[in-house]
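Q: Below is the structure I would like to discuss, written out as structure tokens.
The values are calculated or read from the model by the stated rules, or taken from the named source; none is laboratory data. Computed from a prediction, not measured in an experiment: that's the story for all the values here. Heads up, the Cβs are rebuilt from the backbone with ideal geometry, glycines too, and the neighbour counts pull from every protein chain shown. What goes into the accessible areas is simple: the full protein's heavy atoms, side chains included, and nothing from ligands, DNA or RNA. Shrake-Rupley method; radii C 1.70, N 1.55, O 1.52, S 1.80 Å.
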Amino acid sequence: MGGIGQFNEYNVFMPGKGRQLIKIALVYPSTYQASITNLFTHIAYYYIYRTLGAGRVLVDRFTLDNVSAGAITGLPLGKFDIALVSIGFELDIVNFIRMLVVNGIIPYKRKRSKGPVLIAGGPPLIANPEPIIDIVDAVFIGDGEAFLKVLSEIIDECSSDRHCILERFNDTKNGLYLGNKERKVRKSIISNLDDAFFPTYQIRSEKVQPVYGDGYYVEASRGCKWLCPFCLESYITHPPRYRSISKLKKLIEEGTANLKVQRAILYSLSYFDHPNSLKLLEWLLSNNYSFSLPSVRFDTLSKSKIDLIALGGQRTITIAPETPYPDLSCRLHKCFRLRDLLDLCAYVIERKLNLKLYFMLGVPGENHSEEGITKFIRNIISHTKLIRRNQIRVTINPLIPKAHTPFQYIPLISKSLYKQKTTYLKKKLNALGIRVSIYDWKWAFAQALIGLAGKDISKLLVVWALKGGGIGSLKTAIKETNYDFSYVFKYKDLNYEFPWNKVVLGLEDLIKREASALLEYALKYTH
């Protein structure tokens, strides 16, 4: 028997017929593959059905691969009562506006009197909801499970009554951001992950696999104790919380059985910070599970842990020192001794695993980091018996300043300087036979442009979306709207009033202290 809907899905609910159902859309303005890799997609889908009942609600999903037709029902987005919008990163906002336009939904909330109530969330919006608040009816600041509880209570009271739902938003103080200048909104969090809902079924397609392949995807921890100053997700998900090993074992046993797989993908910002990280991997191996760890900090790695990861079936180890200079890396909360890091890289290669290295350009105080990165790669090559050069892949990104992180005070690296550094790197690394991926500066600029903006950017975003949303049309949209983007390239002093100052995540004083130290370091040191 084939799957359901245009993606041949299984583990999904068929809508009831002949009943007046509350229609809820899950909107993920990226690829279908990315949507089923995102845990909130599954959490929201099964939570809503479990809490409100299949006889009462219909839930369908929209992505860039099915913009105008729900994945299961084929219904257009305009037929839904509520749309929950997951924004994974800043450029998804433009994609989302394009989805609204394609579905005949007016993008500005003040001009919209019909269509679904739009509620958005996701990392960049938790940090700064202002760029989208004139588009959507509300933004949720905090953990998705906390929001789903609030939503269920509102639906219990209002059913599909649009006016009632919007009225209840005004009365709710649990993390809902409405753009009210007078009201601060504090992040709403789930303190105990063991108590949070997590499904043991997950949506799967016979046509498309999730990004990390087949398996049961489970969140081992949320938040990160390291609080690297460039890492948006660690700041918006603070404090760190860990699922107990007993809960994880239970979820994995049930989830893999339901999906008929023998593989687990463990989500965490820094997996080996989990107090029972090794015990869980040993348990997985002893029970014949393979596994993958998409995110591991190099300073929590060891040769024995690399052995465990390899035994689990993972073929690539990612190491992200961000900068080749140990002292500057310490400022980024990623301290290393050069010899130790080279030994770690060498061991990955000796195990015949692939090594991915991540570096950033535009870190204050870095100076000639392109030369340092080249020297670092040469050291790895000379430090080990490299069988094939394609075992090593280097990825170069510009440091993109993010709201609610210490780097919100720092400008984006200029296009000319980034080009100069990346041209040098590409030439030198290609000469060594090393593959190098360079992130396009224009897209980095677009991210910073949106992520650091106030609500006045909404007009630009709508014009940009109407022109197709491509990077070429951004320049046209900026000219057409006469938008001042100078804030992207300015240092801000510690008393600067950011557009997102009504969002309280609880780390504001720490962010200022970290920013002050980083700025002092940048002025004092050169390499």
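Q: Say whether the condition of being of a type in the set (V, I, T) and assigned to a helix (DSSP H, G or I) is met by at least one residue in region 257-273.
A: Narrowing region 257-273 to residues of a type in the set (V, I, T): 261, 265.
Restricting the remaining residues to those that are assigned to a helix (DSSP H, G or I) gives none.
The answer is no; no qualifying residue exists.
Q: Against the condition of a type in the set (A, V, I, L, M), more than 26 Å from the chain's Cα centre (by Cα) and over 30 Å from G5 (Cα atoms), how does L166 come out, does it pass?
A: Values: of a type in the set (A, V, I, L, M): yes; more than 26 Å from the chain's Cα centre (by Cα): yes; over 30 Å from G5 (Cα atoms): yes.
Considered against the rule, which asks whether it is of a type in the set (A, V, I, L, M), more than 26 Å from the chain's Cα centre (by Cα) and over 30 Å from G5 (Cα atoms), L166 comes out as yes.
Q: Across region 303-316, what is the number of residues that are of a type in the set (S, T, Y) and over 27 Å from the mean Cα position of the chain (by Cα)?
A: Of the residues in region 303-316, the ones of a type in the set (S, T, Y) are 304, 316.
Keeping just the survivors that are over 27 Å from the mean Cα position of the chain (by Cα) gives 304.
Total satisfying the criteria: 1.
Q: Still on this structure, I have one more. State which residue pairs qualify: first residue on the phi > 0 side of the Ramachandran plot and inside region 95-112, second residue surrounded by 20 or more Cβ atoms within 10 Å (Cβ to Cβ) and not aromatic (F, W, Y) in any location, beta carbons under 9 Å apart, and separation of 6 or more residues or different chains.
A: From residues that are on the phi > 0 side of the Ramachandran plot, the pairs are G104/L77.
Q: Can I ask one more? Are any residues in region 241-268 among the aromatic types (F, W, Y) and in contact (Cβ under 8 Å) with a residue 60 or more places away in the chain, and if so, which ones?
A: Residues of region 241-268 that are among the aromatic types (F, W, Y), as a first pass: 242, 267.
Selection gives Y267 alone.
Q: If I go through region 400-448 residue by residue, how many of them are of a type in the set (K, R), part of a helix (DSSP H, G or I) and under 30 Å from G122 (Cα atoms)? Step through it out loud before you land on a result.
A: We begin by selecting, within region 400-448, every residue of a type in the set (K, R); these are 402, 415, 419, 421, 426-428, 435, 442.
Now narrow it down to the ones that are part of a helix (DSSP H, G or I): 415, 419, 421, 426-428, 442.
The next check asks that each one be under 30 Å from G122 (Cα atoms); those that pass are 415, 442.
Result for region 400-448: 2.
Q: Here is a list of conditions, (1) in contact (Cβ under 8 Å) with a residue 60 or more places away in the chain; (2) more than 30 Å from P129 (Cβ to Cβ); (3) surrounded by fewer than 22 Cβ atoms within 10 Å (Cβ to Cβ), and H333 meets all of them except one; can you say which number that is?
A: Failed condition: (2).
Q: Further question on the same structure: Residues that are under 17 Å from P131 (Cβ atoms) and of a type outside the set (D, E, K, R): list the helices (runs of 4 or more DSSP H) wholly contained in region 449-527 that include at least 3 such residues. Lay out the reasoning, then the answer.
A: Numbers: elements: 458-466, 471-481, 508-524.
Where helices (runs of 4 or more DSSP H) fall fully within region 449-527 and carry at least 3 residues being under 17 Å from P131 (Cβ atoms) and of a type outside the set (D, E, K, R), they are 458-466, 471-481.
Q: How many residues, within region 160-193, are in contact (Cβ under 8 Å) with a residue 60 or more places away in the chain and farther than 19 Å from A146 by Cα? Give the steps one after another, and end with the answer.
A: First, pick out the residues of region 160-193 that are in contact (Cβ under 8 Å) with a residue 60 or more places away in the chain: 160, 162, 165, 177, 179-181, 183-187.
Checking which are farther than 19 Å from A146 by Cα leaves us with 160, 162, 179-181, 183.
The total comes to 6.
Q: So in region 451-468, with the set limited to residues that are closer than 29 Å to E497 by Cα and without any contact (Cβ under 8 Å) to a residue 40 or more places away in the chain, which one is surrounded by the fewest Cβ atoms within 10 Å (Cβ to Cβ)?
A: Start the filter on region 451-468 by keeping residues that are closer than 29 Å to E497 by Cα, which leaves 451-465.
Among the residues that remain, those that are also without any contact (Cβ under 8 Å) to a residue 40 or more places away in the chain are: 456, 459-460, 463.
Numbers: D456: 14, K459: 16, L460: 22, V463: 19.
Here the residue is D456.
Q: Out of region 351-383, which residues are open to solvent by 20 Å² or more (accessible area, probe 1.4 Å) and either over 27 Å from the mean Cα position of the chain (by Cα) or of a type in the set (D, E) (or both)?
A: R351, K352, N367, H368, E371, K375, R378, N379, I381, S382, H383
Q: Identify, by number, the condition in (1) open to solvent by less than 10 Å² (accessible area, probe 1.4 Å); (2) of a type in the set (A, V, I, L, M); (3) closer than 30 Å to I133 by Cβ that V394 doesn't meet.
A: (3)
Q: So, in region 326-342, of the ones that are in a loop (DSSP other than H, G, I, E, B) and within 27 Å of the chain's Cα centre (by Cα), which residue ends up farthest from I373 (Cα to Cα)? Talk me through it step by step, then tell me what you get.
A: Restricting attention to region 326-342, the residues satisfying the condition of being in a loop (DSSP other than H, G, I, E, B) are 332-337.
Right, trim to within 27 Å of the chain's Cα centre (by Cα) and you get 332-336.
Numbers: L332: 16, H333: 18, K334: 16, C335: 16, F336: 15 Å.
By that ranking, first place goes to H333.
Q: I've got another one for you. Hey, could you check region 405-450 for residues that are of a type in the set (S, T, Y) and surrounded by 21 or more Cβ atoms within 10 Å (Cβ to Cβ) and say which is farthest from D509 (Cα to Cα)?
A: The first filter runs over region 405-450 and keeps only residues of a type in the set (S, T, Y), leaving 405, 409, 414, 416, 418, 422-424, 437, 439.
Okay, now just the ones that are also surrounded by 21 or more Cβ atoms within 10 Å (Cβ to Cβ), so 405, 409, 418.
On the way: T405: 11, Y409: 14, Y418: 31 Å.
The qualifying residue farthest from D509 (Cα to Cα) is Y418.
Q: Please state which of the following conditions A346 fails to meet, knowing it meets all the rest: (1) within 30 Å of G313 (Cα to Cα); (2) touching a strand residue (DSSP E or B) at 6+ places or on another chain (Cβ under 6 Å).
A: Just one mismatch for A346, condition (2).
Q: Just the residues that are part of a loop (DSSP other than H, G, I, E, B) and surrounded by fewer than 19 Cβ atoms within 10 Å (Cβ to Cβ), please, taken from region 286-300. Can you show your working first?
A: Looking only at region 286-300, we keep the residues that are part of a loop (DSSP other than H, G, I, E, B), and these are 287-289, 293-297.
Passing the criteria: N287, N288, P294, S295.
Q: Does I154 meet the test of being open to solvent by less than 10 Å² (accessible area, probe 1.4 Å), outside any loop (DSSP other than H, G, I, E, B) and either aromatic (F, W, Y) or in contact (Cβ under 8 Å) with a residue 24 or more places away in the chain (or both)? Full working, then the answer.
A: On the way: open to solvent by less than 10 Å² (accessible area, probe 1.4 Å): yes; outside any loop (DSSP other than H, G, I, E, B): yes; either aromatic (F, W, Y) or in contact (Cβ under 8 Å) with a residue 24 or more places away in the chain (or both): no.
Against the criterion (open to solvent by less than 10 Å² (accessible area, probe 1.4 Å), outside any loop (DSSP other than H, G, I, E, B) and either aromatic (F, W, Y) or in contact (Cβ under 8 Å) with a residue 24 or more places away in the chain (or both)), I154 does not qualify.
Q: For the structure I just gave you, tell me whether Y32 is of a type in the set (F, W, Y) and closer than 19 Å to P116 by Cβ. Lay out the reasoning, then the answer.
A: Details: of a type in the set (F, W, Y): yes; closer than 19 Å to P116 by Cβ: no.
In short, no.
Q: Please find, within region 169-204, the residue that is farthest from A138 (Cα to Cα) out of those that are part of a helix (DSSP H, G or I), modelled with pLDDT under 95 and open to solvent by 50 Å² or more (accessible area, probe 1.4 Å).
A: Looking only at region 169-204, we keep the residues that are part of a helix (DSSP H, G or I), and these are 169-171, 193-195.
Filter once more, keeping what is modelled with pLDDT under 95: 169-171.
Checking which are open to solvent by 50 Å² or more (accessible area, probe 1.4 Å) leaves us with 170-171.
Details: N170: 10, D171: 12 Å.
Filtering first and then ranking leaves D171.
Q: Do we have N11 as at pLDDT 95 or above, touching a Lys or Arg at 6+ places or on another chain (Cβ under 9 Å) and open to solvent by 20 Å² or more (accessible area, probe 1.4 Å) here?
A: Numbers: at pLDDT 95 or above: yes; touching a Lys or Arg at 6+ places or on another chain (Cβ under 9 Å): yes; open to solvent by 20 Å² or more (accessible area, probe 1.4 Å): yes.
For N11, the condition - at pLDDT 95 or above, touching a Lys or Arg at 6+ places or on another chain (Cβ under 9 Å) and open to solvent by 20 Å² or more (accessible area, probe 1.4 Å) - is met.
Q: May I ask you to say which residue of L311, L280, L269 is within 26 Å of L232 (Cα to Cα) and either crowded, with 21+ Cβ neighbours inside 10 Å or touching a helix residue (DSSP H, G or I) at 6+ places or on another chain (Cβ under 8 Å) (or both)?
A: Numbers: L311 fails: within 26 Å of L232 (Cα to Cα); L280 fails: within 26 Å of L232 (Cα to Cα).
Every option except L269 fails the conditions.
Q: Another question about this same structure. Quick one: R19 ticks every box in (1) in a loop (DSSP other than H, G, I, E, B); (2) of a type in the set (D, E, K, R); (3) more than 25 Å from the chain's Cα centre (by Cα); (4) within 26 Å of Y267 (Cα to Cα) bar one, so which box is it?
A: Status for R19: all satisfied but (4).
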